[in-house]
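To start, the structure under review is shown below, and the notes come after it.
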Amino acid sequence: MSPAMANAMTTSSCKPSDGQLESQLYHKGVKQLCDNGITKVPYKYILPVPERPSSISDGRSSAKHHNLKLPVIDFSELKGLNRSQAVKSLADACEQYGFFQLVNHGIPMDVINNMIDVSRRFFELPFEERSKYMSSDMRAPVRYGTSFNQSKDKVFCWRDFLKVMSNSSSDVHWPSSPIDFRGLAATYAKETKHLFLMIMEAILEGLLGTTEEDKTKENEVILEEFEDGSQLMVVNCYPPCPEPDLTLGMPPHSDYGFLTLLLQDEVEGLQIQHNQKWLTVEPIPNAFVINVGDHLEIFSNGRYKSVLHRVLVNSTAYRVSVASLHSLSLMSMVKPWPRLIDEENPRRYKDTNFATFLEYISTREPKHKDFLESRKLYS
Ligand SMILES: O=C(O)CCC(=O)C(=O)O
Ligand SMILES: [Fe+2]
């Protein structure tokens, strides 16, 4: 399709006429739209006014330019004499924000830079190469796609993605190009998994304690389960958008796992909802943004809450991020941990597993924290 045609059919003010042709174009993703030279946001991506980035009409005041200094956890302190203080800071960050930045995490800088670099190069591949991995099967071990849930989204969002699922029981299916993707991403995945295990160990220490021997054993049993757990790597690409106030890179959502380790490049865009306000997370070079997911909310019986976040786009810069979502193995049940349930804190959530989650999101348009809400025993 010529750039002129792409533009002609995509004015932001009127509804398109040729639905089928357009739909084919949108399903190829926003990178492809941009390569076609689009200068206006197509109708398909235009959010209703209350859901737009600068809207205040949903009662939550928006603070597009209001940056948030998230708690910063220094990972090296978890290894030293100050461990108990660092564990406490981590527990406070999880309880008060559900999000924190992690510095001095020990993953070599070249592993991180290579992952961002090869991710950018993946999205620069010709569409035919990227589209080899397109699939509507949510269980596909490697999946290329666009928007949030492209088979269900009424309004599309300005994001293309590559998702790679690894489960200890199966081989990981990395894309075969760029030629160095497999090696660089496998190293990155191994390093982030190791980091996740160490953070989770400290989080369990904060939640369940360590002083009595049986509690320590309990933590070890849980950690062993995490070693065989699932890891989903999501590589996100947000091309520059001609009218960034009309759409979002990702709509408000929470992540399904225990923790997400997010690597963002230097371009800001991630916002979290804190005290009813949308606040932009300032990128810190070489840091991870880490957030509590739905499974940790369930496991902690609601002490730690998964947090709504969304992504803004902008008109000038490409943004790439790599999210690594960690949980138990796909068949395991996640449930409120028995020792965190008592008379004062009765069980708040139903048991859940990955299959329930997939079933839920494949039957409706996923929004906000709807899945988690569906697991609550009472509100
Ligand atoms: O790109 C980002 O900053 C956030 C990505 C995200 O929320 C996700 O992949 O779940
Ligand atoms: Fe997310």
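The values are calculated or read from the model by the stated rules, or taken from the named source; none is laboratory data. What you see is a predicted model, and the numbers here were worked out from it, not measured in a lab. Cβ atoms come from the backbone with ideal geometry, glycine included; neighbour counts cover every protein chain shown. Please note that ligands, DNA and RNA were not included when accessible areas were found on the heavy atoms of the full protein model with its side chains. Shrake-Rupley method; radii C 1.70, N 1.55, O 1.52, S 1.80 Å.
Here are the numbers:
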{"quantity": "Test: GLU191 is within 16 Å of ligand 1 (Cβ to nearest atom), farther than 30 Å from GLY302 by Cβ and open to solvent by 50 Å² or more (accessible area, probe 1.4 Å)", "calculated": "no"}
{"quantity": "Considering residues of the stretch 260-269 that are part of a strand (DSSP E or B) and either more than 12 Å from ligand 1 (Cβ to nearest atom) or open to solvent by 10 Å² or more (accessible area, probe 1.4 Å) (or both) only, the residue modelled with the highest pLDDT", "calculated": "LEU262"}
{"quantity": "Residue selected from the stretch 164-176 under the condition touching a strand residue (DSSP E or B) at 6+ places or on another chain (Cβ under 9 Å) and part of a loop (DSSP other than H, G, I, E, B), by the criterion surrounded by the fewest Cβ atoms within 10 Å (Cβ to Cβ)", "calculated": "SER168"}
{"quantity": "Pick from the stretch 287-308, criterion open to solvent by 10 Å² or more (accessible area, probe 1.4 Å) and within 16 Å of ligand 2 (Cβ to nearest atom), ranking: nearest to ARG159 (Cα to Cα)", "calculated": "LEU308"}
{"quantity": "Some residue of the stretch 144-163 being outside any loop (DSSP other than H, G, I, E, B), on the phi < 0 side of the Ramachandran plot, open to solvent by 70 Å² or more (accessible area, probe 1.4 Å) and in contact (Cβ under 8 Å) with a residue 12 or more places away in the chain", "calculated": "no"}
{"quantity": "All positions within the stretch 119-143 that are surrounded by fewer than 18 Cβ atoms within 10 Å (Cβ to Cβ) and closer than 15 Å to ARG319 by Cα", "calculated": "ARG120, ARG121, GLU124"}
{"quantity": "Some residue of the stretch 110-118 being at pLDDT 95 or above, open to solvent by less than 30 Å² (accessible area, probe 1.4 Å) and in contact with a Cys (Cβ under 9 Å, 6 or more places away or on another chain)", "calculated": "no"}
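Residues checked against (1) more than 17 Å from the chain's Cα centre (by Cα); (2) assigned to a loop (DSSP other than H, G, I, E, B); (3) more than 30 Å from TYR360 (Cα to Cα):
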position: PRO178; (1), (2), (3): yes, yes, yes
position: LEU184; (1), (2), (3): yes, no, yes
position: ALA189; (1), (2), (3): no, no, no
position: THR192; (1), (2), (3): no, no, no
position: MET200; (1), (2), (3): yes, no, no
position: LEU204; (1), (2), (3): yes, no, no
position: GLU224; (1), (2), (3): yes, no, no
